């Protein structure tokens with residue numbers, strides 16, 4: 001099975017695809033001087049192209065950060081655009097809180113962007129310099145760990161088991 005991680009943002013959306021054949025990474029950027037609608041349209045078009053030919057995969061997408069310094073409505077618009085494309089293409093997706101992603105990759109919910117990159121390299125042997133691809137790679141790895149119930153460090157296991165329990169709960 002393939003796994004995709006997406007770190008949505010209007011500035012740069014990070015994308016990582018984990019497959020048996022390897023790892024593919026990309027970032028979709030939009031120019032801040034363009035109107036919001038044009039930026040969302042570009043994100044949608046580029047995401048559709050990137051997903052073309054990929055089998056329906058389990059996608060973990062980073063949920064909105066409530067401490068974000070950017071405008072919340074633009075972050076929400078980017079997140080909603082990504083969710084719409086995934087739904088159109090038949091991908092199964094789940095949003096992951098940023099704190100759980102940080103704990104899975106580094107063991108520390110207060111991890112910085114450099115900590116995340118170092119954690120990916122040290123614990124998963126992946127090296128990315130783009131912070132958006134770093135988060136997307138962590139999300140793809142977490143999706144694989146949850147789906148296969150495989151993990152190595154205690155912090156990974158706590159996150160994986162918690163997410164697996166949440167998935168098994170029935171809606172109220």
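Can you find a residue in the stretch 87-97 that is free of Cβ contacts under 8 Å to residues at least 24 places away in the same chain, surrounded by 14 or more Cβ atoms within 10 Å (Cβ to Cβ), at negative phi and more than 15 Å from the chain's Cα centre (by Cα)? Within the stretch 87-97, not a single residue is free of Cβ contacts under 8 Å to residues at least 24 places away in the same chain, surrounded by 14 or more Cβ atoms within 10 Å (Cβ to Cβ), at negative phi and more than 15 Å from the chain's Cα centre (by Cα). Given the criteria farther than 16 Å from residue 144 by Cβ, assigned to a helix (DSSP H, G or I) and under 12 Å from the mean Cα position of the chain (by Cα), does residue 83 qualify? So residue 83 passes the test. Just to be sure before I move on: is residue 132 touching a strand residue (DSSP E or B) at 6+ places or on another chain (Cβ under 8 Å) and either more than 25 Å from residue 45 (Cα to Cα) or in a helix (DSSP H, G or I) (or both) in the structure I sent? It is true that residue 132 is touching a strand residue (DSSP E or B) at 6+ places or on another chain (Cβ under 8 Å) and either more than 25 Å from residue 45 (Cα to Cα) or in a helix (DSSP H, G or I) (or both). Set side by side, the residues 78, 25 differ, and just one is part of a strand (DSSP E or B), within 23 Å of residue 138 (Cβ to Cβ) and either modelled with pLDDT under 95 or within 14 Å of the chain's Cα centre (by Cα) (or both), which is 25. If you check residue 109 against the conditions, is it closer than 21 Å to residue 159 by Cβ, free of Cβ contacts under 8 Å to residues at least 40 places away in the same chain and surrounded by 12 or more Cβ atoms within 10 Å (Cβ to Cβ)? Judged against the criteria, residue 109 is a match. Return yes or no: is residue 126 part of a helix (DSSP H, G or I) and either in contact with a strand residue (DSSP E or B) (Cβ under 8 Å, 6 or more places away or on another chain) or closer than 19 Å to residue 18 by Cα (or both)? In short, no. Could you tell me whether the stretch 52-66 includes any residue that is without any contact (Cβ under 8 Å) to a residue 40 or more places away in the chain, over 17 Å from the mean Cα position of the chain (by Cα), surrounded by 16 or more Cβ atoms within 10 Å (Cβ to Cβ) and more than 15 Å from residue 7 (Cβ to Cβ)? No, because not a single residue in the stretch 52-66 is without any contact (Cβ under 8 Å) to a residue 40 or more places away in the chain, over 17 Å from the mean Cα position of the chain (by Cα), surrounded by 16 or more Cβ atoms within 10 Å (Cβ to Cβ) and more than 15 Å from residue 7 (Cβ to Cβ). The single condition among (1) at pLDDT below 90; (2) in contact with a helix residue (DSSP H, G or I) (Cβ under 7 Å, 6 or more places away or on another chain); (3) assigned to a helix (DSSP H, G or I) that residue 43 does not meet is (1). Taken as a whole, the condition of being outside any helix (DSSP H, G or I), within 30 Å of residue 161 (Cβ to Cβ), modelled with pLDDT of 95 or more and out of contact with any strand residue (DSSP E or B) (no Cβ under 7 Å at 6 or more places or on another chain) applies to residue 111.
Quick check on the stretch 136-156. Is at least one of its residues loosely packed, with under 12 Cβ neighbours inside 10 Å and closer than 15 Å to residue 14 by Cβ? No, every residue in the stretch 136-156 fails to be loosely packed, with under 12 Cβ neighbours inside 10 Å and closer than 15 Å to residue 14 by Cβ.
Of the listed requirements (1) modelled with pLDDT of 95 or more; (2) surrounded by fewer than 16 Cβ atoms within 10 Å (Cβ to Cβ), residue 127 misses just one: (1).
The values are calculated or read from the model by the stated rules, or taken from the named source; none is laboratory data. Computed from a predicted model, the values in this text were never measured in an experiment. Don't worry about glycine lacking a Cβ; one is built from the backbone with ideal geometry, like all the others, and counts go over all protein chains shown.
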